[in-house]
1. So which residues in region 136-189 are under 17 Å from ILE218 (Cα atoms) and in a helix (DSSP H, G or I)?
2. Out of VAL263, VAL252, I need the residue that is touching a Leu at 6+ places or on another chain (Cβ under 6 Å) and either at pLDDT below 90 or not acidic (Asp, Glu) (or both). Which one?
3. When the residues of region 168-195 are narrowed to those that are among the polar types (S, T, N, Q) and in contact with a helix residue (DSSP H, G or I) (Cβ under 7 Å, 6 or more places away or on another chain), which ends up modelled with the lowest pLDDT?
4. Since HIS241 meets every condition but one in (1) under 30 Å from VAL287 (Cβ atoms); (2) modelled with pLDDT under 85; (3) assigned to a helix (DSSP H, G or I), which condition does it not meet?
5. Just give me the residues in region 196-219 being of a type in the set (Gly, Ala, Ser) and either over 21 Å from LEU265 (Cα atoms) or at pLDDT below 90 (or both), in sequence order.
6. Looking at the structure I just gave you, is VAL230 over 30 Å from THR36 (Cβ atoms) and at pLDDT 90 or above?
7. Out of everything in region 20-68 that is farther than 30 Å from TYR115 by Cβ, among the β-branched types (Val, Ile, Thr) and touching a residue at least 40 places away in the same chain (Cβ under 8 Å), what residue ends up being surrounded by the most Cβ atoms within 10 Å (Cβ to Cβ)?
8. Can you tell me which of GLU110, GLU137 is surrounded by 15 or more Cβ atoms within 10 Å (Cβ to Cβ) and either in contact (Cβ under 8 Å) with a residue 60 or more places away in the chain or in the same structural domain as ALA68 (by TED's automatic domain parsing) (or both)?
Amino acid sequence: MATSTANPPSRSANSEPNTETFRKCWIASTADSNLTLHGFRRFKTTHLVNLRLFENEIAEMDHAVYQAGISLDVSPSSTDRLGLKHSAKDANIPSIEDTITPEFVAKLRELLKQYDEALQAFHNLMAMETFSLIDDEKQASLRDDLNLHEVYKTRLLRVDLGTRTRTDPFQRWLHRYLRAFRYWRLSKRSKNNTEGLGSPTSNRHQWSYQNTILIADIVGRVTTAMLTAVFLVMPLAILSHQPSKDVQLIVVSVWILVLSFLVSLFLKVSSFEMMAISAAYAAVLSVFVSNVPAGD
């Protein structure tokens, strides 16, 4: 049998980029850190541009619908909640037969469906917990198209965690300053390291991580517990040495006001929860005051 002289099939021009992309995806999907495993870009600006494009396209069709309705010369309702009496009529309004066609209705329905789904999806997306790409050195090293400042500004989603709808402002403040501190440290390090955040092909490189979500959560809980203890112990210690009822009343009022202010400023609570916290704290202090004998 004659030996085949045909050349082996050559790799396509896109094989190397596909291989490189899969290599990066494999590294991120088999990492040991939860930041790398469960961190995904949210593409906030791109989502917003997509929603604005939807909005502009639907707005044009919405205008056509209103103009068609105004051309019917139907008297508005007595309340006129839409303000149709003040709506401006275009100079040349096409006939309803030319505007409200089956194709127009089908396109409007499809656009509204996509727009509503995109709005709800973006709402759910923005409610998810986020962290900065700079917190995950390994995943940042896979993005060679971003400089250090862009890495610092890029937000990733933690798909393994709950929403951040109940995240306290104090914890968000900690998030921001922890990210800024890490950016400052890496900026100083990058001045002495021409390779940036490290090479993803290096097996000996020790990747650094900063789980700002966990750190902020722990610091926030510990700080809240310490402040709670202070607000319970300090007024009681002061009141125990004040036999005068007038002074006791002033002390209790001041501490209640300060607690209410701090809770509303640093914790994410509703108005009802704020009232309940203040009332419960006032009840604790008032019980102590009622047990302290009045001075002569």
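The values are calculated or read from the model by the stated rules, or taken from the named source; none is laboratory data. What you see is a predicted model, and the numbers here were worked out from it, not measured in a lab. Virtual Cβ from ideal backbone geometry, glycine too; neighbours counted across all protein chains shown.
1. Those that are under 17 Å from ILE218 (Cα atoms) and in a helix (DSSP H, G or I): PRO169, PHE170, GLN171, ARG172, TRP173, LEU174, HIS175, ARG176, TYR177, LEU178, ARG179.
2. Numbers: VAL263 fails: touching a Leu at 6+ places or on another chain (Cβ under 6 Å).
So the residue among VAL263, VAL252 that is touching a Leu at 6+ places or on another chain (Cβ under 6 Å) and either at pLDDT below 90 or not acidic (Asp, Glu) (or both) is VAL252.
3. Within region 168-195, the subset among the polar types (S, T, N, Q) is 171, 187, 190, 192-194.
Of the ones still in play, those that are also in contact with a helix residue (DSSP H, G or I) (Cβ under 7 Å, 6 or more places away or on another chain) are 171, 187, 190.
Details: GLN171: 90, SER187: 88, SER190: 77.
Among those residues, the one meeting the criterion is SER190.
4. (3)
5. At the first step, the residues of region 196-219 found to be of a type in the set (Gly, Ala, Ser) are 196, 198-199, 202, 208, 216.
Result: GLY196, GLY198, SER199, SER202, SER208.
6. On the way: over 30 Å from THR36 (Cβ atoms): yes; at pLDDT 90 or above: yes.
Here the answer is yes, as VAL230 does meet what is asked.
7. To start, the set of residues in region 20-68 that are farther than 30 Å from TYR115 by Cβ comprises 20-37.
Still in the running and among the β-branched types (Val, Ile, Thr): 21, 27, 30, 36.
Checking the rest, the ones that are also touching a residue at least 40 places away in the same chain (Cβ under 8 Å) come to 27, 36.
Numbers: ILE27: 16, THR36: 21.
Once the filter is applied, the top-ranked residue is THR36.
8. Working: GLU110 fails: surrounded by 15 or more Cβ atoms within 10 Å (Cβ to Cβ).
The match here is GLU137.
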